[in-house]
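Structure record follows, encoded as structure tokens.
The values are calculated or read from the model by the stated rules, or taken from the named source; none is laboratory data. These numbers were taken from a predicted model, which means no experiment stands behind them. All Cβ positions, even for glycine, are placed from backbone atoms using ideal geometry, and neighbour counts span all protein chains on display. Note: areas computed on protein heavy atoms with side chains; ligands, DNA, RNA excluded. Shrake-Rupley method; radii C 1.70, N 1.55, O 1.52, S 1.80 Å.
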Amino acid sequence: MSSKFYITTTLPYVNAAPHIGFATEIVRADIFARWRRLLGDEVFFNTGTDEHGQKIYQKALAEGKTPQAYVDEWAKKFKGLQSLLNLSPELNFIRTTDEHHISAVQEFWRRCRANDDIYKKFYKIKYCVGCELEKQESELEDGKCPLHPTLELQIVEEENYFFRFSKYQKSLLELYEQKPAFVLPKSRLNEIKNFVSAGLQDFSVSRLVGKMPWGIPVPDDPAHVMYVWFDALVNYLSAIGWPDDEARFSRWWLESGGAVQFCGKDNLRQQSAMWQAMLLSVGLPPSKVILVEGFIISGGQKMSKSLGNVVSPLEIVAEYGVDAFRYQVAREFSIFEDSDFTWERFKEAYNANLANGLGNLTARIMKMSENYFAEPIATEDTFESVITTVGNISSVWEQYNDALGAYDLNRAANVIWREIGEMDREIQERAPFKLFKTAPEEARKIVRTLVFRLARLAVMLSPFLPETAEKIKQAILVNKMPEPLFIRK
């Protein structure tokens, strides 16, 4: 019986074009989704767009558009990442302006309120529009938000609804103790533990319509719309049918053990504390795991729309192809630490590890196979046996799965490229292309083993570089050297 696996990205704001940071997040999630399907699991893979909030409202006004018309345009561009980045065809795409999401958020609000976790009070705060979050003095650098230093903090002074975050301090700390791998990496778990241990402040969950009308209406109070984070976080439930479709919700939240949630380190508080407290309020189990990524930086600074130093994934794919970008995400970018992007390093890694590495290895093996065998030596069953056979060929498959099971994308990619290097060395040391003249059967035996190892490599590559993996598979099945997989730049 297959197990169930639910993985989701955060929902990016649609206030500017998709950049490499979010493209990296969604490719990582796609790799895990494809891997679990490869193992035979049922997978729900979710992404979408976060379309409410003050900065989107301001952007729409600045462009002379209604907020709905504005977000409709941008949602199409984010949905376009599915084809651009060759994401799983089964990908679910939710928008926070979808009718079902709106009704789900309003029901979530009612249940929190029924549990006495939503109340009204007057308050005054410093607010970062870029983060869509209140900022304490201890979080500021020179009076500015360190993540959005070009934006002026706003002073918000009004009566809003609040969520009783403080009520859940003990429960959150118990959650972190009971599930030591709940937040990865461990350093982020320690960070959120320290944050919660220091004491929690109730947070605002509404805005006055008179000041900012672009949000989901608060039930029974037309003077308020919901705070954007409260609204957006509920997508993890509304995407799987909550609260109307109990069977679908049970399948993907309860039977799967909850969602595996990707987020950037600037989302740590929202994903691993605020959202978990909200789930506790409505009596639902927590998420399964929160994977907290490092930033993609450029010249030592986080890539961000507000700083204007973003790199477009469209540029990279246009120049190098989608699998070159997916390789960079999987192996060259650290999943949990900051990674500095430069075009020079990208090109260097592309030539060394794709054109000269994987591409050259495939060409050498398939040229020998085509020359030494009249018929293909592998079939569809060969590729299936990689997945189903225990102890096949070596421990490489086991190492690969262990790494992905621990959410260590970089280690899994390194297992693949270590195997590429070992196969290359075997060709150099045993030289079947020379041996064929004097001992053709021995040469064929070596090449046969190399082809089977290449077949296994194609299976392991399929979640990472699906287009390239399929080209390798087809070359093996027809026993022909393929066109170059990667052209040296």
Margin query: What are the pairs with Cβ atoms under 7 angstrom where one residue, in segment 13-30, is under 18 Å from E73 (Cα atoms) and touching a residue at least 12 places away in the same chain (Cβ under 8 Å) and the other, located anywhere, is β-branched (V, I, T) and in a helix (DSSP H, G or I)? Sequence gap at least six, or different chains.
Written below: Y13/I56; V14/I56; V14/V71; N15/I56
Margin query: For segment 54-64, give me each residue that is touching a Phe, Trp or Tyr at 6+ places or on another chain (Cβ under 7 Å) and either open to solvent by 70 Å² or more (accessible area, probe 1.4 Å) or not in a helix (DSSP H, G or I) (or both).
Written below: K59, E63
Next item on the list: Within segment 460-469, identify whether any single residue is more than 21 Å from N410 (Cα to Cα) and either crowded, with 21+ Cβ neighbours inside 10 Å or touching a strand residue (DSSP E or B) at 6+ places or on another chain (Cβ under 7 Å) (or both), and answer yes or no.
Entry: no
Checklist line | Given (1) without any contact (Cβ under 8 Å) to a residue 12 or more places away in the chain; (2) among the charged types (D, E, K, R); (3) in a loop (DSSP other than H, G, I, E, B), number of the condition E441 does not satisfy | finding: (3)
Next item on the list: Would you check which residues across segment 470-489 are open to solvent by 10 Å² or more (accessible area, probe 1.4 Å), in a helix (DSSP H, G or I) and within 19 Å of N86 (Cβ to Cβ) and list them?
Entry: E470, K471, K473, Q474
Notebook entry, point to check: Pairs, please: C-beta under 8 Å, at least 6 apart or cross-chain, first residue outside any helix (DSSP H, G or I) and in segment 362-379, second among the small types (G, A, S)?
Noted result: I377/S369; A378/A455
Note to self: Going through E319, E344 one at a time, which residue ends up being at pLDDT below 95, surrounded by fewer than 17 Cβ atoms within 10 Å (Cβ to Cβ) and outside any strand (DSSP E or B)?
What the structure shows: E344
Notebook entry, point to check: Would segment 438-452 turn up any residue that is touching an Asp or Glu at 6+ places or on another chain (Cβ under 8 Å), modelled with pLDDT of 95 or more and of a type outside the set (S, T, N, Q)?
Noted result: yes
Check: If you go through segment 189-213, how many residues are open to solvent by less than 40 Å² (accessible area, probe 1.4 Å), modelled with pLDDT of 95 or more and in a loop (DSSP other than H, G, I, E, B)?
Finding: 4
Next item on the list: Give me the pairs, please: first residue somewhere in segment 467-480 and without any contact (Cβ under 8 Å) to a residue 60 or more places away in the chain, second residue anywhere and among the hydroxyl-bearing types (S, T, Y), beta-carbon distance under 8 Å, and either six or more positions apart or on two chains.
Entry: A469/S462; E470/S462
Check: Pairs under 7 Å by beta carbon, first residue closer than 19 Å to R188 by Cβ in segment 328-340, partner of a type in the set (A, V, I, L, M, F, W, C) and in a helix (DSSP H, G or I), six or more apart or different chains?
Finding: I335/L409
Margin query: So R331 passes all but one of these: (1) under 18 Å from A469 (Cα atoms); (2) open to solvent by 60 Å² or more (accessible area, probe 1.4 Å); (3) in contact with a Pro (Cβ under 9 Å, 6 or more places away or on another chain). Which condition number does it fail?
Written below: (3)
Next item on the list: Examine segment 57-68 for a residue that is within 25 Å of the chain's Cα centre (by Cα) and within 27 Å of F22 (Cα to Cα), and state whether such a residue exists.
Entry: no
Next item on the list: Can you give me the number of residues within segment 124-174 that are under 15 Å from F195 (Cα atoms), open to solvent by 20 Å² or more (accessible area, probe 1.4 Å) and either touching a Pro at 6+ places or on another chain (Cβ under 7 Å) or modelled with pLDDT of 80 or more (or both)?
Entry: 7
Margin query: Looking only at segment 139-176, filter to residues that are assigned to a helix (DSSP H, G or I) and polar (S, T, N, Q); which one of those is nearest to L208 (Cα to Cα)?
Written below: S166
Note to self: For the structure I just gave you, tell me whether I446 is under 30 Å from V317 (Cα atoms) and open to solvent by less than 80 Å² (accessible area, probe 1.4 Å).
What the structure shows: no
Next item on the list: Quick one: in segment 371-402, of everything that is more than 21 Å from F464 (Cβ to Cβ) and crowded, with 16+ Cβ neighbours inside 10 Å, which residue is modelled with the lowest pLDDT?
Entry: I377
Next item on the list: Select, from L361, L314, L354, the only residue that is under 26 Å from the mean Cα position of the chain (by Cα), modelled with pLDDT of 90 or more and open to solvent by less than 20 Å² (accessible area, probe 1.4 Å).
Entry: L354
Next item on the list: Would you tally the residues in segment 65-95 being open to solvent by less than 70 Å² (accessible area, probe 1.4 Å) and closer than 30 Å to A330 by Cβ?
Entry: 16
Next item on the list: From D117, D98, grab the single residue that is out of contact with any Lys or Arg (no Cβ under 9 Å at 6 or more places or on another chain), surrounded by 16 or more Cβ atoms within 10 Å (Cβ to Cβ) and modelled with pLDDT of 95 or more.
Entry: D98
Notebook entry, point to check: Given segment 222-276, what helices (runs of 4 or more DSSP H) lie entirely inside it while holding 3 or more residues that are open to solvent by 10 Å² or more (accessible area, probe 1.4 Å) and either within 27 Å of E90 (Cβ to Cβ) or touching a residue at least 40 places away in the same chain (Cβ under 8 Å) (or both)?
Noted result: 246-249
Note to self: Please go through segment 46-82 and give me each residue that is farther than 21 Å from R207 by Cα and acidic (D, E), ordered by number.
What the structure shows: E63, D72, E73
